[in-house]
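One structure below.
The values are calculated or read from the model by the stated rules, or taken from the named source; none is laboratory data. For clarity, every value in this text was computed on a predicted model and none was experimentally measured. With ideal geometry, Cβ positions are generated from the backbone for all residues, glycine too; neighbour counts draw on all protein chains shown.
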Amino acid sequence: MSVAPVESMASLSSDIFYDILRRLDGPTLACAACACAAFCSISKEERLWENVCSSMWPSTNREDVKSLISMIGGFRKFYGDCFPLIVNKEVSEYRCNDFVEYPNDWTEAEYYGEMDESESISPSDFVSIVDIRYKDKPICSKVLWGLPNANGSDGWFYNCPFRIDLLTYAARDDDSEGEVTLSVSDGLPPITSMEKERKDGKLWRELRDGLRLSWIVVNKKIKQAANLASWSPLGGQRHWPTDKDFVIRFGSILPAKDILPCQVVECILIMKFRVIHTEGEGVQTTLKLTELSMQLEDMEGAHVNGRNSLLILKEALSCRRSKNYSEVVESCHLYSKVQSELKEEKMRNESRLDRLCILSGITVFAIFWFYIL
């Protein structure tokens, strides 16, 4: 009885197998490849993985991106690199007591290290492939070649805080450039007024729960790629900086060993929407995407400069990843916990130092008056 299914499968043509496999998503296709030798052989077809990637990341449909992916190893490798998310377990090894205090009068070069002219890393090596979904519907796809304002001869990029404002820079030959909006037709709940939204927060909850972000960074020279986003939001803020703004935060924890004293940094991806219409204004509820940015911050919340950001991004492309989303979120929350502990410890140290200064001042004052009297 157990032989019959095998014989039945053997009688089917590879075209039928291919037709079955091309309908699967990435995780299911990977599982099917382990089911039998026929599936394993067919699942290596690049076309299957190209379909998977274009379904998950619409930006990979572009011809220039397809050429890039082919150059760095193909769609199967690209999916394997970018579907799992970055997990940094080294955060657990980092504690406040391990943090080294550096003098406040150190120059930036002394803290960050001198720029080594021999470092074979260039801003033009990097490509950002970004896709946003809302309730599983693609709403924005952008590709940024290189890093903006990074190739000047004055070294401005290398010494200033690293930040990419993706909406500010038009992608090369990007036909989809323009405003990105969300409305009731996309699944947003209608709101009659911002006053009501402040009370019940329904729009905020729907936005936070429905948004998904993928920010893939590719290094063309070393032919590696990784997704720096957390896919789902890690947090956010309502009504900031104005009453009609919603800030949603994504990100990941990246290794910075031998690059920065803090050993790990946070990659912060910010998405900001503004309410431009409500139902009460005679138009359906509409939100406009006003910010989509990336920056790196160290444990103390200081922005990492351009030179070290390049080094960190390069290291991030080869660090550990996981398909277990709860493990990814856990590493981000652990970073926040350690960061809070560090801030509290620093505040306690500063408080003790202030008390010692006051006591020293009182002692000196008392001795002074003792000798006068």
Exercise for review: Among residues belonging to segment 121-142 that are within 19 Å of A316 (Cβ to Cβ) and of a type in the set (V, I, T), point out the one that is surrounded by the most Cβ atoms within 10 Å (Cβ to Cβ).
Suggested key: I129
Practice item. Output the number of the condition that W49 fails; it satisfies all remaining conditions of (1) modelled with pLDDT of 90 or more; (2) closer than 27 Å to P255 by Cα; (3) in contact with a helix residue (DSSP H, G or I) (Cβ under 8 Å, 6 or more places away or on another chain). Key: (2)
Check your understanding: Are any of the residues in segment 251-258 assigned to a strand (DSSP E or B) and on the phi > 0 side of the Ramachandran plot?
Key -> yes
Review point. Which ones in segment 278-304 are more than 24 Å from L213 (Cα to Cα) and either assigned to a strand (DSSP E or B) or among the acidic types (D, E) (or both)?
Key: E279, E281, E300
Review point. Going by the structure shown, is G361 more than 16 Å from the chain's Cα centre (by Cα) and at pLDDT below 85?
Key: yes
Practice item. Only residues that are free of Cβ contacts under 8 Å to residues at least 40 places away in the same chain and within 25 Å of K343 (Cβ to Cβ): list them for segment 273-300, please. Key: E297
Point to revise | Residue check, V328 without any contact (Cβ under 8 Å) to a residue 24 or more places away in the chain and more than 17 Å from L166 (Cβ to Cβ) | key: no
Study note, to complete from the structure: Subset of segment 35-72, residues in contact (Cβ under 8 Å) with a residue 12 or more places away in the chain and among the aliphatic types (A, V, I, L, M), comes to A38, I42, L48, V52, M56, V65, L68, I69, M71, I72
Point to revise | Residue that is surrounded by the most Cβ atoms within 10 Å (Cβ to Cβ) [pool: residues in segment 316-331 that are within 12 Å of L228 (Cβ to Cβ) and not aliphatic (A, V, I, L, M)] | key: R321
Review point. Does segment 213-220 contain at least one residue that is out of contact with any strand residue (DSSP E or B) (no Cβ under 6 Å at 6 or more places or on another chain), loosely packed, with under 14 Cβ neighbours inside 10 Å and modelled with pLDDT of 90 or more?
Key: no
Practice item. Tally the residues that are under 14 Å from the mean Cα position of the chain (by Cα) and acidic (D, E), restricting the search to segment 243-272. Key: 1
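Yes/no per residue for (1) at pLDDT 85 or above; (2) aliphatic (A, V, I, L, M); (3) out of contact with any strand residue (DSSP E or B) (no Cβ under 7 Å at 6 or more places or on another chain):
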| site | (1), (2), (3) |
| --- | --- |
| D19 | no, no, yes |
| R22 | no, no, yes |
| S43 | no, no, yes |
| M56 | yes, yes, yes |
| N61 | yes, no, yes |
| G73 | yes, no, yes |
| I86 | yes, yes, no |
| Y94 | no, no, no |
Check your understanding: Among the residues of segment 245-264, is there at least one that is farther than 23 Å from G80 by Cα, among the basic types (K, R) and surrounded by 15 or more Cβ atoms within 10 Å (Cβ to Cβ)?
Key -> yes
Study note, to complete from the structure: When segment 273-310 is checked residue by residue, the ones that are buried (at least 19 other Cβ atoms within 10 Å of the Cβ), more than 16 Å from the chain's Cα centre (by Cα) and closer than 27 Å to K89 by Cβ are M299, N305, R307, N308
Exercise for review: Could you tell me which of the residues L188, L234 is in the same structural domain as V127 (by TED's automatic domain parsing) and either out of contact with any His (no Cβ under 9 Å at 6 or more places or on another chain) or not hydrophobic (A, V, I, L, M, F, W, C) (or both)?
Suggested key: L188
Check your understanding: Name the residues in segment 215-242 that are over 14 Å from the mean Cα position of the chain (by Cα), more than 22 Å from T181 (Cα to Cα) and among the hydrophobic types (A, V, I, L, M, F, W, C), would you?
Key -> I222
